[in-house]
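Worksheet: one structure, shown below.
Nothing in this text is a laboratory measurement; each read-out follows from the coordinates by a stated rule. Small disclaimer: the values here were computed from a predicted structure and weren't measured. In this analysis, Cβ positions are derived from the backbone assuming ideal geometry, glycine residues included, and neighbour counts consider all displayed protein chains.
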Amino acid sequence: MKDMDRAKALYDFTIPVFLKMLGNVAKMLAKAEAHAKRRGIDAATMLSARLYPDMFTLLQQVQYVCFIPVDFAKNFTSAAAPRVGYDEASFADLKRSIKQTSAFLRGVKPAQLSGREDEPLPLFFDQSKGMAAKAYAAAMILPDFYFHATVAYGILRHNGVSLGKADFIGALKMAPLKKRRR
């Protein structure tokens, strides 16, 4: 497989995936904010909700949904990475961080990953260790990203926000299939 094909494959299973889920999380947060207003629930109460006492809050889950893809993608671009996942304290802050994260990710192009698929990237939780970019994406980055998005969804559902699987998965690009001959 050529370097550009490998780079495109790594790009395709990371950057567009992050962008789609960030959009879905933004929509879920909008529903959560509307739910809180409608029910007279303080926004801070909703953002501090968690599934279990030793788990992160909704706010922290969404911070990680922003931080993880930025930390991964910054390895492939010279553009300054936005500071997301640290200082957010409101729905407005989270929405702003999702927009900043999405804008940053849209600036990453497949060619920037070319020849770097096997390059060790520093682990975000231990900068003294690294993994090959494609292995890191598959074994850590994507599962961790989806973990935090899933827990955020769970917190919102647990707190009565009217969400379904379609809110989590989002729109699908489908096409009609041609009838196959047997």
If the chain between Ala132 and Leu177 were fully stretched, how many nm would it gain, using 0.36 nm times the residue separation less the Cα-Cα distance? 12.5 nm
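What is the extension gain from Ala139 to Asp118, computed as 0.36 nm multiplied by their sequence separation minus the C-alpha to C-alpha distance, in nm to one decimal?
Values: separation 21, 0.36 × 21 = 7.56 nm, distance 1.36 nm.
Roughly 6.2 nm would be gained on extension.
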Along the Cα→Cβ direction, 7 angstrom out, place labels at Asp42 and Asp12. What is the inter-label distance in nm? 4.9
In deg cm²/dmol and to the nearest 500, what is the mean residue ellipticity at 222 nm of the chain if only DSSP H runs of at least 4 residues count, each as -39500 (n - 2.57), divided by the residue total? -17000 deg cm²/dmol
In angstroms, what radius of gyration and Dmax does region 19-120 have, counting Cα atoms only? 15.6, 53
Residues of region 1-39 with amide N under 20 Å of a point placed 7 Å along Cα→Cβ from Ser90: 26-39
Using 1/(1 + (r/R0)^6) with R0 = 30 angstrom and r between the beta carbons of Lys27 and Ala80, what's the FRET efficiency to the nearest 0.05? 0.65
Simple SL model, points at 7 angstrom along Cα→Cβ for Asp54 and Lys2; separation in nm is 5.1
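When only DSSP loop residues count, what chymotrypsin sites (Phe, Trp or Tyr not before Pro) in region 96-127 have their Cβ near at most 10 other Cβ atoms within 10 Å? Don't jump to the answer; show the numbers that get you there.
Working: sites: Phe104, Phe124, Phe125; in loops: Phe124, Phe125.
Those that pass, being in a loop and sparsely packed, are Phe125.
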Can you give the three extents of the C-alpha atoms in the chain along their principal axes, from longest to shortest, in whole Å? 56, 55, 27
